[in-house]
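Undergrad: Pasting a structure here, questions to come.
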Amino acid sequence: MEIDVLTIFPEVVLAPLRESILGRAQDAGHVILRAHDLRDWSTDKHRRVDDTPYGGGPGMVMAPGPFFAAVRELHRGEGKSRVIFMTPQGRRFDQAGAREFSEQAHLIVLCGHYEGIDHRVVEALVDDEISIGDYVLTNGALAAAVMIDAVARLLPGVLGDDQSSIEESFSDAGQLEAPQYTRPAEFEGMGVPEILLSGHHEKIAEWRREQGIERTQQNRPDLSADG
Ligand code: ADE
C-alpha cells in the first residue's frame, strides 16, 4: 500500500511510524509512506496556506489552493486513490474502518490545522471525513499517524502469523481480551490466577472467554451484545 499525507507537520506523521513494527514494515516495502509539506504547493511568497474566515470569527482557515494542487498532482484516478480528511467532525474511526482502508492500494490523507479547512476541499476532493475520537487535537497530523498505524498493521506481512491470529479472534469476537500474566508467579504479594498454571488448555480457553466477557461488560458495555 502507498500512503501520501498532506500536512504542514510531516515529521509529526513520520516520526512515530519510524519505530518498531511500522518502521520495519516500511523498510520491507509493505507500506510506502510519504508525508509532504503542504506549503510546497502554496503560491504565496511566504508559503502561507491559511487565511482569515469569510463571515468573521476567530482563528484561521486553511485555503483551498494548496490542497487542490497537491491532490491533483498525487491522485491516480477514480477508484485508484482514496482521499481521507482527518477531522473531529468526521465519521468515527474503528477496527472495521481500518480493515476497509487496508484494502485500498493508495490513500491520500489530508490533515487540517487552525480552525478548519475551506469546505470546498471537502466537497470536491474528499471521499471520507474521519475522526479518531470525540476530542479535538491541535492538528490532524497526530490523528493521521494513529489511523495509519491501525491500517498498516493489517497489511499482509506486517505482523507475524501469531499476532495476526490474535488480531482476528479479538475483532471477530467484538469483545475485549482476557488479562495476561507472565513470570514471576508471585509478585509483591500478588499471585496469578490458578487456572493459568494448571496446564488445562480447554479450561484456560473457557476462563479466557469468560474473563473477556466480564471485562467487556465492565470497561466497554457499548460493545456487549446485551449492553
Ligand atoms: N483533528 C483534530 N482533532 C481530530 C480528531 N479527533 N480526529 C481526527 N482529526 C482531528
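Undergrad: Can you tell me which condition D37 does not meet? The list is (1) open to solvent by 50 Å² or more (accessible area, probe 1.4 Å); (2) free of Cβ contacts under 8 Å to residues at least 60 places away in the same chain; (3) of a type outside the set (A, V, I, L, M, F, W, C), and all the others hold.
TA: So the condition that D37 fails would be (1).
Undergrad: Could you grab me the full set of residues in region 103-126 that are farther than 25 Å from D51 by Cβ and open to solvent by 20 Å² or more (accessible area, probe 1.4 Å)?
TA: Of everything in region 103-126, those that are farther than 25 Å from D51 by Cβ and open to solvent by 20 Å² or more (accessible area, probe 1.4 Å) turn out to be E103, Q104, A105.
Undergrad: Moving on. Restricting to region 126-154, name every residue that is in a loop (DSSP other than H, G, I, E, B) and over 23 Å from A70 (Cα atoms).
TA: I132, G133, D134, Y135, V136, L137, R153, L154
Undergrad: Which condition number in (1) open to solvent by 80 Å² or more (accessible area, probe 1.4 Å); (2) under 20 Å from I3 (Cβ atoms); (3) within 15 Å of the ligand (Cβ to nearest atom) is the one that K80 fails?
TA: That leaves (3) as the condition not met.
The values are calculated or read from the model by the stated rules, or taken from the named source; none is laboratory data. Keep in mind it's a predicted model, so treat the numbers as computed, not measured. So basically every Cβ, Gly included, is an ideal-geometry build from the backbone, and we count neighbours across all protein chains shown. For accessibility, only protein heavy atoms count, side chains too; no ligands or nucleic acids. Shrake-Rupley method; radii C 1.70, N 1.55, O 1.52, S 1.80 Å.
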